[in-house]
Amino acid sequence: MKSKNILVTGGAGFIGSHLVRLLVNKYPECNIINMDVLTYAGNLANLKDVEDKPNYTFVKCDICDFEKVKDVFTNHKIDHVIHLAAESHVDRSIIDPFSFAQTNIMGTLSLLQNAKFAWEGNFKGKLFYHVSTDEVYGSLGDKGFFLETTAYDPHSPYSASKASSDHFVRAFHDTYGLPTVISNCSNNYGSYQFPEKLIPLFINNICNNKPLPVYGKGENIRDWLFVNDHASAIDTIFSNGKLGDTYNIGGFNEWKNIDLIKVLIETTDRLLGRPKGTSDTLITYVTDRAGHDLRYAIDATKLKNELGWEPSLQFEEGIEKTVKWYLENKEWMENITSGAYEQYYADMYTTSK
Ligand code: NAD
Ligand code: DAU
C-alpha cells in the first residue's frame with residue numbers, strides 16, 4: 001500500500017484496538033490516526049503496545065462534533081476512513097435508545113459529510129469504510145443464512161441505529177458518488193472485550209463465583225468469530241473491496257448460548273485447576289432480553305470467493321486463547337470492573353430481571 005493517512009474511529013474499543021494494532025504493524029508507511037471519544041467502552045490500555053509507534057496518533061474527539069472532526073480531516077490530511085465508533089451493546093440500547101441514535105446515526109452522518117467536504121472534487125483513491133453488524137438483518141428461524149442481499153429487519157434500538165447508518169452510507173455513495181464500502185460481521189470474541197458482553201462477562205463471573213445470567217432458556221443462537229479474524233477481514237476488504245459494495249463477514253460457527261456457556265465453564269474451570277463441573281451451579285436463568293433475536297448466521301461465501309478471505313482459527317482454539325488471556329490479564333479486567341461499571345452491572349441485573 002502507498003503511504004496514506006488512515007482515520008480509524010472507535011480505535012480504543014474492542015474491535016477497533018485489534019484493527020489499529022494490525023494496521024500500525026502491517027503498514028509502517030501509513031499513518032494511523034485513532035479518533036475516539038473514550039466512552040466507558042474506550043480504553044487506551046488496549047493499545048499500550050503500539051502507542052509509541054511513529055505511525056500511530058491518538059485524537060480524542062466525538063464523531064458527532066462536526067467542527068472538530070473537520071479539523072481532524074484537515075490537520076491529518078485524511079485519505080481513508082475506517083469507521084467503527086459506535087454504541088455497541090444491545091442491552092444498553094434498550095435502556096437508552098437516544099444515545100444510540102445520536103452516536104450511531106448522527107455520528108456516522110457527521111463523518112460522511114466531513115469526508116464528502118474534505119474530498120469533494122477528488123474522490124479518486126479515497127475510501128469511507130463503514131463497519132456494521134449482522135444484526136441489521138434481523139432474526140433467522142432454524143434454517144438459512146444472512147446474505148448481502150437479505151432485507152434489513154432490525155429489532156433492537158442498537159440494530160435499528162446501525163441499519164440507519166448503513167442506509168446513510170449507501171445514500172452518500174449513490175447520491176454524491178462518495179467511495180464507500182460496508183461490511184456486516186457476526187459476533188466477535190477475543191481479548192480486550194468489555195465485560196458487559198456475554199463471553200468476557202461470563203469468564204469474569206466464573207472466576208469470581210458469581211451467577212451466570214442466561215437470558216430466557218439459553219436457546220438463542222449466535223455465530224462467533226475470533227476478533228483478529230474480523231480485523232484481517234476488514235484489512236482485506238479495505239485493500240481489495242469493490243466500491244459501493246457490501247461484504248458479510250463470519251466463520252460459519254453457530255452456537256446455542258447454553259452450549260457456548262458450557263464450553264466457557266469447562267475451559268475456565270480447567271484452566272483455573274478446579275474440578276470439572278465446579279461452576280455448573282452458577283448457571284442462572286433470568287428474564288429474557290426484550291426483542292431478543294433468536295438466531296444469527298452469516299453466509300460469508302462472497303468474501304471468500306471474491307476476495308479470498310477465510311478465518312484463521314477454529315473456535316476451540318480461539319476460545320482457549322481467549323479464556324487464557326482474561327485469566328492472565330486480571331488487572332485489565334479489575335480496572336474496568338471497579339468504578340462506574342459496577343453501578344451499571346448492579347442496575348442491569350437487578351432492576352430489569
Ligand atoms: P466497543 O463498544 O468495544 O467500542 C466502541 C468504541 O467507540 C469505543 O472505543 C468508544 O469509546 C468509541 N465511541 C463511542 N462513541 C463515540 C463517539 N461519539 N465518538 C468517538 N468514539 C466513540 O465496540 P466493538 O464491539 O469494538 O464494535 C466496534 C464496531 O463494530 C461497532 O460499530 C459495532 O457496531 C461493530 N460490530 C461489532 C461486533 C461485535 O461482536 N462486537 C460485531 C459486528 C460489528
Ligand atoms: O452479531 C453482532 C453483534 O454481536 C454486535 O453488533 C454487537 O455490537 C455485539 O454486542 C453482539 O451483540 P449480541 O447481543 O449478540 O451480544 P451479547 O454478548 O450481548 O449477547 C450474546 C448472546 O448472549 C445474546 O443472545 C444474549 C445472551 N446474553 C447476553 C448477556 C450479556 C445472556 O444470555 N446473558 C447476558 O448476560
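The values are calculated or read from the model by the stated rules, or taken from the named source; none is laboratory data. Quantities reported herein were computed from a predicted structural model and do not represent experimental measurements. All Cβ positions, even for glycine, are placed from backbone atoms using ideal geometry, and neighbour counts span all protein chains on display. Heads up: the accessible areas ignore ligands, DNA and RNA and are worked out on the full protein's heavy atoms, side chains in. Shrake-Rupley method; radii C 1.70, N 1.55, O 1.52, S 1.80 Å.
Any chance you could give the angle, 0 to 90 degrees and rounded to 10, that helix 198-207 forms with the longest Cα principal axis of the chain? It works out to around 40 degrees. Which residues in region 318-353 have a backbone N closer than 12 Å to a point placed 7 Å from the Cα of LYS48 along the Cα-to-Cβ line? Under 12 Å, as judged by backbone N against the label point of LYS48, lie 329-335 of region 318-353.
Contact order, relative form, for region 3-128: 28 percent (alpha carbon pairs under 8 Å, 6 or more residues apart, mean separation divided by residue count).
Annotation: amide H of THR284 within the under-5 Å range of LEU212, VAL214, sequence separation 5 or more or interchain, hydrogens built in the peptide plane. Here's the picture: charge each Lys and Arg Cβ at +1 and each Asp and Glu Cβ at -1 in the chain, and of LEU264, TRP325, VAL50 the one pushed furthest to the positive end of that dipole is VAL50. Taking a straight line from the alpha carbon of LYS324, these lysines sit under 29 Å away, with near neighbours fewer than eight places off in the same chain left out: LYS26, LYS48, LYS53, LYS197, LYS210, LYS217, LYS256, LYS262, LYS276. Taking θ as phi - 60° and the Karplus parameters 6.51, -1.76 and 1.60, the scalar couplings of region 3-11 work out to 4, 9, 9, 10, 8, 9, 8, x, x Hz in sequence order, x denoting glycine and proline.
For ASP174, project a label point 7 Å along Cα to C-beta. Then give me every residue of region 213-253 with its amide nitrogen under 20 Å of that point. Within reach of a label on ASP174: 242-248. Taking R0 as 25 Å, what's the FRET efficiency between LYS143 and LYS262 from their Cβ-Cβ distance, rounded to 0.05? It comes out at approximately 0.55. Only Cα pairs under 8 Å and 6+ residues apart enter the sum, and on that basis the relative contact order of the chain stands at 17 percent. DSSP beta bridges fully contained in the chain are about 10 percent antiparallel.
Amide H to amide H distances under 5 Å link MET35 with VAL8, THR9, GLY10, GLY11, VAL59, where only residues 5 or more positions off or on other chains count and H is placed in the peptide plane. Distance between the C-alpha centres of region 215-235 and region 1-47: 21 Å, rounded to the whole angstrom. Here LYS116 is the anchor, and the lysines within straight C-alpha reach of less than 18 Å, apart from those fewer than 8 places off in the same chain, are LYS4, LYS68, LYS70, LYS77, LYS124, LYS126. Dipole magnitude for the chain: computed about the Cα centre from +1 point charges on Lys and Arg Cβ and -1 point charges on Asp and Glu Cβ, it is near 400 debye. Using a cutoff of 8 angstrom between alpha carbon atoms and counting only pairs six or more residues apart, the relative contact order for region 112-242 works out to 26 percent. Backbone phi angles across region 40-48, fed through the Karplus curve with coefficients 6.51, -1.76 and 1.60 (θ = phi - 60°), yield HN-Hα couplings of 3, 8, x, 8, 5, 5, 5, 10, 3 Hz in residue order; Gly and Pro are listed as x. What number, rounded to the nearest 500 deg cm²/dmol, is the helix-based mean residue ellipticity at 222 nm of the chain, given -39500 (n - 2.57) per DSSP H run of at least four residues and division by all its residues? Calculated mean residue ellipticity at 222 nm is -12500 deg cm²/dmol. Once the Cα atoms are used to define both axes, helix 66-75 deviates from the longest principal axis of the chain by about 70 degrees.
Taking amide H positions as modeled 1.01 Å from N, with prolines and chain starts lacking one, the residues under 5 Å from ALA297 and 5 or more places away or on another chain are PHE146.
When the Gaussian network model of the chain links Cα atoms closer than 10 Å, the mean-square fluctuations of ALA160, ALA101, ALA151 top out at ALA151.
Rounded, prolate or oblate: which fits region 236-332 when a ≥ b ≥ c are the square roots of the eigenvalues of the alpha-carbon gyration tensor, with rounded for a/c under 1.5 and prolate only if a/b beats b/c? Judged from the Cα gyration tensor, region 236-332 comes out prolate (a/c at least 1.5, a/b above b/c). Under 14 Å from a label point 7 Å along Cα→Cβ of ASN122: give me every residue in region 5-41 with its amide N that close. The answer is 5.
For MET106, MET35, give me the order by solvent-accessible area with a 1.4 Å probe, most accessible first, ignoring ligands, DNA and RNA.
Largest accessible area first, the residues go MET106, MET35.
The gain in end-to-end length when the PHE252 to ASN335 segment is fully stretched comes to 26.5 nm, 0.36 nm per residue minus the alpha carbon separation.
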